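These notes concern the structure reproduced below.
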Amino acid sequence: MNPSCPCAGGKYLIRDMQSKLFIALNNGVLGLHTLPTDHPANYDLGPYWNCVEKNNMWFGLKNTVSGGFITSNNFGGCDAMDLNHEAKQSFCPRHQPDGGYVLLFRSGERLSPLSVVGMDKKKLEFKHGDKGASWEFIRVDSL
């Protein structure tokens, strides 16, 4: 799996560079997960994300199963329940010198990075003032 640059129209797996886990919905809950390698596959897992772009040039990440966009859930955490691509579902990827991208989501007048949190390091949160996690985008569709 080779990382690529996120761009509108692409379908991606998004992997945390530190843990090597993937952003996915599991039974409707957004978090970090391993990809299934056994058969039968875990059909409750939704690890694929379409990168879409609004006419104002902001990107959004839309889950291919639920149709929801990654967004703040107003409690500090995040989910993928919103079906519309509005301001708080918008992000810009910032390339990092050591590889990967910090995902900066709109939060009013600020940008908040998507960070990995929790004792198990499998929860996602937007943290003001945090440097954020570095993410790899692995394109899974053909150009």
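Any read-out appearing in this document is the output of simple, stated calculations on the displayed coordinates, not a laboratory observation. It should be emphasised that the depicted structure is a prediction, and the values quoted were computed from it without experimental measurement. Cβ atoms come from the backbone with ideal geometry, glycine included; neighbour counts cover every protein chain shown.
Inspection of the stretch 114-123 finds no residue satisfying the criterion of being crowded, with 16+ Cβ neighbours inside 10 Å and closer than 15 Å to Cys7 by Cα.
Rundown of residues vs (1) under 10 Å from the mean Cα position of the chain (by Cα); (2) in a loop (DSSP other than H, G, I, E, B), yes/no style:
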residue	(1), (2)
Ile23	yes, no
Leu61	yes, no
Phe75	no, yes
Met81	no, no
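Residues that are closer than 26 Å to Asp141 by Cβ, among the aliphatic types (A, V, I, L, M), part of a strand (DSSP E or B) and without any contact (Cβ under 8 Å) to a residue 40 or more places away in the chain are absent from the stretch 29-41.
Results for (1) surrounded by 14 or more Cβ atoms within 10 Å (Cβ to Cβ); (2) out of contact with any Phe, Trp or Tyr (no Cβ under 7 Å at 6 or more places or on another chain); (3) of a type outside the set (S, T, N, Q); (4) over 26 Å from Lys131 (Cβ atoms), shown as yes or no for each residue.
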{"residue": "Asn27", "(1), (2), (3), (4)": "no, yes, no, yes"}
{"residue": "Leu30", "(1), (2), (3), (4)": "yes, yes, yes, no"}
{"residue": "Thr37", "(1), (2), (3), (4)": "no, yes, no, yes"}
{"residue": "Val65", "(1), (2), (3), (4)": "yes, yes, yes, yes"}
{"residue": "Asp79", "(1), (2), (3), (4)": "yes, yes, yes, no"}
{"residue": "Ser90", "(1), (2), (3), (4)": "yes, no, no, no"}
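Only one entry of Gly60, Gly46 meets the criterion of being in contact with a helix residue (DSSP H, G or I) (Cβ under 8 Å, 6 or more places away or on another chain), closer than 20 Å to Ile138 by Cα, without any contact (Cβ under 8 Å) to a residue 40 or more places away in the chain and not hydrophobic (A, V, I, L, M, F, W, C), and that entry is Gly60. Checked against the criterion of being within 13 Å of the chain's Cα centre (by Cα), surrounded by 12 or more Cβ atoms within 10 Å (Cβ to Cβ) and within 13 Å of Gly76 (Cα to Cα), the stretch 97-105 has at least one qualifying residue.
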